[in-house]
Amino acid sequence: MSAWYESWFESPWYMKLYRHRTEEEAREAIDLVRTIAHVPDGARVLDLCCGYGRHALTLAEAGYHVTGLDGSSFLIDRAREIYPHPNVTYVVGDMRGPYPHAPYDAIVNFFTSFGYFDTADEDGKVLQAVYEALSGGGQFVMDFLNAHYVREHLEAETMSIVENATIIQDRSIADGFVHKRITISVPCSYEREYTERVRLYTRDELIAMITAIGFVVDDVLGDYNGIPFDEATSPRCIIIAHKPR
């Protein structure tokens with residue numbers, strides 16, 4: 001049986017469901033990379049789990065030399081089609097590494113693209129690969145969910161209409177993961193079901209994993225505006241770290 005991300009990220013419905021994630025949102029994230037993480041102009045940047053390329057394109061437009069890596073061949077094909085840029089190379093690859101074109105001056109990981117695997121050890125391989133692919137002094141920016149906020153504000157069910165389909169998203173928390181079941185119903189045609197599952201790492205757990213590998217954590221933010229992380233109120237947990245020289 002394939003992993004949930006292998007089927008979901010290869011479906012056109014993934015892009016349709018998250019169509020509200022805009023280029024403007026991507027620009028806010030990249031502004032954070034430039035102004036708070038202080039990644040210098042012209043740096044070599046890996047967009048790890050780049051999806052269909054929103055952040056990779058924005059990084060390139062900001063003057064960086066970008067590799068966008070994702071495990072989904074479908075999403076990489078869409079990135080090449082929708083968001084081409086002479087300073088971006090899109091590649092299919094495993095987030096557990098190794099990464100092509102290393103070393104990098106910075107690696108970014110946006111939109112909760114972590115915690116996908118069955119064990120924490122497998123997730124740890126991602127962080128180890130990031131560390132090994134960075135130059136000394138290189139920056140790592142991880143944009144993850146705030147586990148406490150998710151537990152307190154989880155919507156059990158939502159329904160939306162996308163094109164001619166009804167999409168119902170059922171959410172739950174069990175066994176240390178947040179689970180989402182996505183049911184897509186097209187009238188007089190078909191019904192399909194996909195899942196998402198992300199391990200609910202807390203800020204302290206993420207910091208412990210990152211520093212155990214050798215990173216130094218420089219800051220933890222609660223949103224793209226650069227507000228300091230607050231467990232009770234922050235929707236995001238954005239960790240900025242660097243590899244010592």
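Couplings for the range 149-159, taken from phi via the Karplus curve 6.51 cos²θ - 1.76 cosθ + 1.60 with θ = phi - 60°, read 5, 4, 4, 7, 10, 5, 8, 5, 8, 9, 10 Hz in order; Gly and Pro are left as x.
Quote to one decimal, in nm, the extra length available between Asn164 and Arg245 on full extension: 0.36 nm per residue of separation minus the C-alpha distance between them. Kindly include the intermediate steps, with their values, before the conclusion.
Details: separation 81, 0.36 × 81 = 29.16 nm, distance 5.35 nm.
Computed gain between Asn164 and Arg245 is 23.8 nm.
In the range 39-75, which residues have a backbone nitrogen under 14 Å from the label point lying 7 Å from Glu23's Cα in the Cα-to-Cβ direction? Within reach of a label on Glu23, which here means backbone N under 14 Å from a point 7 Å along Cα→Cβ, the range 39-75 contributes 53-62. Mind jotting down the distance between the C-alpha centroids of the range 114-186 and the range 199-237, whole Å? Taking the Cα centre of the range 114-186 as reference, the centre of the range 199-237 is 15 Å away.
Viscosity 1.002 mPa s, temperature 20 °C: what is the translational diffusion coefficient of the range 181-245 from Stokes-Einstein with a Kirkwood Rh over Cα pairs, rounded to a whole number of µm²/s?
On the way: Rh = 14.7 Å.
Value of D from the Cα-based Kirkwood radius: 146 µm²/s.
Assuming R0 = 35 Å, what is the FRET efficiency of Ser7 and Asp219, from their Cβ-Cβ distance, to the nearest 0.05?
On the way: r = 36 Å, r/R0 = 1.03.
After rounding, the FRET efficiency stands at 0.45.
Would the range 56-174 count as rounded, prolate or oblate if I go by the C-alpha gyration tensor, calling it rounded below 1.5 in a/c and otherwise prolate when a/b exceeds b/c, oblate otherwise? In terms of gyration-tensor shape, oblate. Backbone N atoms of the range 157-175 closer than 16 Å to the 7 Å Cα→Cβ label point of Arg192 belong to residues 162-169. Phi angles of the range 227-232 translate, via the Karplus equation with coefficients 6.51, -1.76, 1.60 and θ = phi - 60°, into HN-Hα couplings of 6, x, 5, 10, 4, 7 Hz per residue; Gly and Pro are given as x. Averaging the sequence gap over all C-alpha pairs within less than 8 Å and six or more residues apart, then dividing by the number of residues, gives the chain a relative contact order of 18 percent.
Model label points for Glu81 and Thr183, set 7 angstrom from Cα along the Cα-to-Cβ axis, are 3.0 nm apart. When you count the other C-beta atoms within 10 angstrom of each residue and take the mean per peptide, 123-133, 221-231, 39-49 line up highest first as 39-49, 123-133, 221-231.
Computed about its Cα centre, the charge dipole of the range 150-197 is approximately 100 debye, with only Lys, Arg, Asp and Glu carrying charge at their Cβ. Ranking Phe229, Val198, Val141 by how far each Cα lies toward the positive end of the dipole of the chain (charges on Cβ) leaves Val141 at the top.
Where only DSSP H runs of four or more residues are counted, the chain gives -8500 deg cm²/dmol as its mean residue ellipticity at 222 nm, each run worth -39500 (n - 2.57). Averaging the Cα positions of each part gives two centres, and for the range 2-18 and the range 92-106 these lie 22 Å apart. Per q in 0.15, 0.17, 0.24, 0.31 Å⁻¹, report the Debye log10 I(q)/I(0) for the range 150-197, using one uniform scatterer on each alpha carbon and no solvent. Debye output, listed in q order: -0.43, -0.53, -0.85, -1.14. The spread of Cα positions in the chain, taken along each principal axis and listed from longest to shortest, comes to 59, 40, 35 Å. Derived scalar couplings between HN and Hα for the range 169-176 equal 10, 9, 10, 7, 10, 7, 6, x Hz in order, rounded to whole Hz, by the Karplus curve 6.51 cos²θ - 1.76 cosθ + 1.60 (θ = phi - 60°), x for Gly and Pro. With 0.36 nm allotted per residue and the present C-alpha distance subtracted, the His153-His101 stretch has 14.7 nm of extension available.
Any read-out appearing in this document is the output of simple, stated calculations on the displayed coordinates, not a laboratory observation. Since the model is a prediction, treat every value here as computed from it, not as a measurement. Note: ideal-geometry Cβ built from the backbone for every residue, glycine included; neighbour counts use all protein chains shown.
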